[in-house]
Amino acid sequence: HNIDSVCIEALSVNINDRGLDQATRSLGRLSSEVSRIKNSDSQRLQQEYQNLVNGLIDQGLLDAPANDGGLASNVLNPDVLNEAVPGNIRRAEHFIGFMKKVVEHLKARLRSVAGPNGGVQSETPLAF
């Protein structure tokens, strides 16, 4: 009986509007930071590619690009840039999207539950 009370206390979570609003703001800041890092990595890769092409042209190992040539624009394909973004950043975007859905679900549940204890309701894992 005593161990049950300890487990219930240890595994219980208090969720309120203030905490969910803070979570939403934090996810927004995290999303902005991931976008900033993704953009800087893309720009850095594009600059390195441009330096490589210019170096090959300067050494005479590559013909100067013609207007209709394959390297005419000396710009990496956007697909290459997107794939060059580290996987952990791509996964971060998926994680942030998932967490936003969880927070929105919890906000909706908090708004919809009107109980005698001010919106407190006990849920089992299956109900969640």
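Could you please let me know if Val53 is β-branched (Val, Ile, Thr) and farther than 30 Å from Lys101 by Cβ? The answer is yes for Val53. Which residues, taken from segment 41-64, are within 30 Å of Glu104 (Cβ to Cβ) and either modelled with pLDDT of 80 or more or in contact with a Lys or Arg (Cβ under 8 Å, 6 or more places away or on another chain) (or both)? Matches in segment 41-64: none. If only residues of segment 78-110 that are open to solvent by 40 Å² or more (accessible area, probe 1.4 Å) and small (Gly, Ala, Ser) are counted, the one that is modelled with the lowest pLDDT is Ala84. Note on segment 25-43: residues that are open to solvent by 70 Å² or more (accessible area, probe 1.4 Å) and either under 12 Å from Val103 (Cα atoms) or of a type outside the set (S, T, N, Q) (or both) total 5. Scanning segment 1-24 for residues that are surrounded by 10 or more Cβ atoms within 10 Å (Cβ to Cβ) and of a type in the set (D, E, K, R) yields a total of 2. Annotation note: Cβ proximity below 8 Å between a residue of segment 1-26 that is outside any loop (DSSP other than H, G, I, E, B) and a residue that is open to solvent by 70 Å² or more (accessible area, probe 1.4 Å) (sequence gap 6+ or interchain) occurs for Thr24/Lys100.
The values are calculated or read from the model by the stated rules, or taken from the named source; none is laboratory data. A quick note: this is a predicted structure, and the numbers were derived from the prediction, not measured. With ideal geometry, Cβ positions are generated from the backbone for all residues, glycine too; neighbour counts draw on all protein chains shown. In case anyone asks, the SASA skips ligands and DNA or RNA and just uses the protein heavy atoms, side chains included. Shrake-Rupley method; radii C 1.70, N 1.55, O 1.52, S 1.80 Å.
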